[in-house]
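> I'd like to ask you about the structure that follows.
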Amino acid sequence: MLLPVSRKLFRKKVEGGVFFFHGQTTAEINNIRQNNPISKWTVLRRLKTFGLRARRPACRTRLTPYNIRNRLDWARIHSFWPRQLWNNHMFSDESKFLLERQDGRKRVFRRVNERFVPQCLSQARAFGGGSVMVWGGITAAGKAPLVTVHGNLTARRYIDEILRPHVVPAIHNQGLTFMQDNAPAHRARITNQFLYENNIPVLHPWPPYSPDLNPIEHLWDLLDRRVRMRQPQPQTLLPLERALHEEWDNIPQQAVQRLIGSMRRRCQAVILSRGHHTRY
């Protein structure tokens, strides 16, 4: 049973944000009611009455007030665009895929004293065993070829290996507008000059730290899951690279069209969250 003063502290904790340690909250309450302390289990039970349970938090990039305002302004401007207008865009991005990924999803069924039994260990390579970085582009009509990026992607390499052979022909042939995020190679002066000289219309300014507004981000997750389902699993970087290209080509175009068709809902979600992160 919580006293009125400790109940007030508890409610303040919950209303101020639920990301706290229940042990610390228990200590703060007991500091007030020293003659009648409570246990952490009492705190946990009270949390349940508020509909709160301990869950793994989602990880997102910290947004500054400037970022939040930019996201909200951009979403308000584009939330009324019809689907046909979004179909006239090419969305692009780079992504890195680890040979081994410890994402916390893997579970092992064991007894209490078997935690360090070799059969119950998840043995990982140092630094994830290496990674493969790729570039991809999607449109309502199809996918651009997946491009493997070896080493650092400089602005010159971005132009020579991606923009010139893959983006420029697609944009000119289909009459599209190009979307890219604010990566350094994308914002470089020579990159902007190349896009201008080749008459490539660009969707800008793109709001920083807004992967939830780029539909290709969900396609990276789908590609990763398709590669993880392959048997046998890639054990070195070359088979991983080959698997990424094969699975990219096998992703149905209907999945791409559904993601591009979600742009209006993505903008509305940003507006509802007042510029903060969304579920996308």
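The values are calculated or read from the model by the stated rules, or taken from the named source; none is laboratory data. Because the structure is predicted, anything quoted here is derived from the model rather than measured. No Cβ is skipped: glycine too gets one built from the backbone with ideal geometry, and neighbour counts run over all protein chains shown. In case anyone asks, the SASA skips ligands and DNA or RNA and just uses the protein heavy atoms, side chains included. Shrake-Rupley method; radii C 1.70, N 1.55, O 1.52, S 1.80 Å.
> Criterion first (among the aliphatic types (A, V, I, L, M) and either open to solvent by 60 Å² or more (accessible area, probe 1.4 Å) or farther than 11 Å from Ser92 by Cβ (or both)) does Ala155 satisfy it?
Considered against the rule, which asks whether it is among the aliphatic types (A, V, I, L, M) and either open to solvent by 60 Å² or more (accessible area, probe 1.4 Å) or farther than 11 Å from Ser92 by Cβ (or both), Ala155 comes out as yes.
> Counting residues that are over 30 Å from Pro234 (Cβ atoms), which strands (runs of 3 or more DSSP E) fully inside segment 128-209 reach at least 1?
177-179
> Keeping to segment 163-216, report how many residues are open to solvent by 20 Å² or more (accessible area, probe 1.4 Å) and within 22 Å of Arg69 (Cβ to Cβ).
Residues flagged as open to solvent by 20 Å² or more (accessible area, probe 1.4 Å) and within 22 Å of Arg69 (Cβ to Cβ) within segment 163-216 amount to 10.
> Still on this structure: Looking at Ala75, Ala140, which one is farther than 28 Å from Ala243 by Cβ and at pLDDT 95 or above?
Result of the check over Ala75, Ala140: Ala75.
> Just the residues that are part of a helix (DSSP H, G or I) and surrounded by fewer than 15 Cβ atoms within 10 Å (Cβ to Cβ), please, taken from segment 55-95.
Pro65, Tyr66, Arg69, Asp73, Arg76, Ile77, Arg83, Gln84, Leu85
> How many residues, within segment 141-164, are farther than 18 Å from Ile190 by Cβ and polar (S, T, N, Q)?
Total meeting the criteria: 1.
> Separate question: Given the criterion at pLDDT below 95, farther than 18 Å from Trp81 by Cβ and open to solvent by 20 Å² or more (accessible area, probe 1.4 Å), identify the matching residue among Arg242, Arg230.
Sole residue among the options that is at pLDDT below 95, farther than 18 Å from Trp81 by Cβ and open to solvent by 20 Å² or more (accessible area, probe 1.4 Å): Arg230.
> Residue check, Leu44 against (1) closer than 17 Å to Asp212 by Cα; (2) touching a His at 6+ places or on another chain (Cβ under 9 Å); (3) at pLDDT 70 or above, all met but one. Which one?
(1)
> Report yes if some residue within segment 257-266 is more than 26 Å from Gly130 (Cα to Cα), open to solvent by less than 40 Å² (accessible area, probe 1.4 Å) and outside any helix (DSSP H, G or I); otherwise report no.
Yes, the conditions are met somewhere in segment 257-266.
> Taking interchain pairs and intrachain pairs at least six residues apart, which have beta carbon atoms under 8 angstrom, with the first residue in segment 210-229 and farther than 14 Å from Asn250 by Cα and the second acidic (Asp, Glu) and in a helix (DSSP H, G or I)?
Correct list of pairs: Pro211/Glu217.
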